[in-house]
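My questions all concern the structure below.
The values are calculated or read from the model by the stated rules, or taken from the named source; none is laboratory data. Since the model is a prediction, treat every value here as computed from it, not as a measurement. When we count neighbours, we look across all protein chains shown, and the Cβ atoms used for this are built from the backbone with ideal geometry, even at glycine.
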Amino acid sequence: MPFIVYRWGKDKEGFQRFERVEDVSLAGRNGPMARHVQELLVKKDSKELRWHMTESEILSRLGKPAEQYALIIDLKPNVKNTVSLYQLRDIWGFSYSEWTPIAIRLETLYVDEYAQDPTKFKQSFGDEKSERDQVHEFLYLQGGTDAKGSWSWGPVGSVNGALLYNDALNYFIPILTERLEAKQV
């Protein structure tokens, strides 16, 4: 699931136009999330840390101003004649000492859209057909509040992160909250 920086601007109809700039890594010891957690730990010594980063903050750490750039996920990069692009908006993390589960908020741009040449399509496109639905995904990183982790993505196998649209998320959140509250009584 590549993370890609795109330059964007408005066209004459007011839609956003995106031009591919470069693939970027968000994971790794020098990635924006690991650096963010390490900076927070300087201010607060803790074995657990709750944190949040916006698209703008991530882009800033990558040296790109949000007024000109967007961070987009190519969810299905190798599916023939299909384009699935999502704009990353927020990441929330809960860092334990050795690992960090994260929740990602995305906006849909293209979901399983047919394209004769997906590679060419992904070089330059507009959002005029985009619904911009909110979608959430849960993943994890192999790094946390101690300095030992690699901050690489957790292994992907036959089971991986699920995309949750608002209707599914709205179903799960109250149920999980109710179960958590019942255990605390």
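Hey, among Ser84, Ser60, Ser46, which residue is among the hydroxyl-bearing types (Ser, Thr, Tyr), at pLDDT below 95 and either assigned to a strand (DSSP E or B) or in contact with a helix residue (DSSP H, G or I) (Cβ under 9 Å, 6 or more places away or on another chain) (or both)?
Exactly one of Ser84, Ser60, Ser46 is among the hydroxyl-bearing types (Ser, Thr, Tyr), at pLDDT below 95 and either assigned to a strand (DSSP E or B) or in contact with a helix residue (DSSP H, G or I) (Cβ under 9 Å, 6 or more places away or on another chain) (or both), namely Ser46.
Still on this model: Do any residues in segment 95-116 that are at positive phi have Cβ atoms under 9 Å from those of residues that are surrounded by fewer than 21 Cβ atoms within 10 Å (Cβ to Cβ) and of a type outside the set (S, T, N, Q), where the two are at least six apart or on different chains, and which pairs are they?
Matching pairs, first to second residue: Asp112/Lys76; Asp112/Val79.
Something else now. Check whether at least one residue in segment 28-39 is more than 19 Å from the chain's Cα centre (by Cα) and under 25 Å from Ser150 (Cβ atoms), and report yes or no.
Within segment 28-39, one or more residues are more than 19 Å from the chain's Cα centre (by Cα) and under 25 Å from Ser150 (Cβ atoms).
Can you tell me which residue in segment 9-47 is surrounded by the most Cβ atoms within 10 Å (Cβ to Cβ), limited to those that are more than 15 Å from Ile73 (Cβ to Cβ) and of a type in the set (A, V, I, L, M, F, W, C)?
Per the stated criteria, the residue is Ala34.
Name the single residue that is farthest from the chain's Cα centre (by Cα) among those in segment 107-129 being crowded, with 20+ Cβ neighbours inside 10 Å and either among the small types (Gly, Ala, Ser) or within 15 Å of Pro2 (Cβ to Cβ) (or both).
My answer is Pro118.
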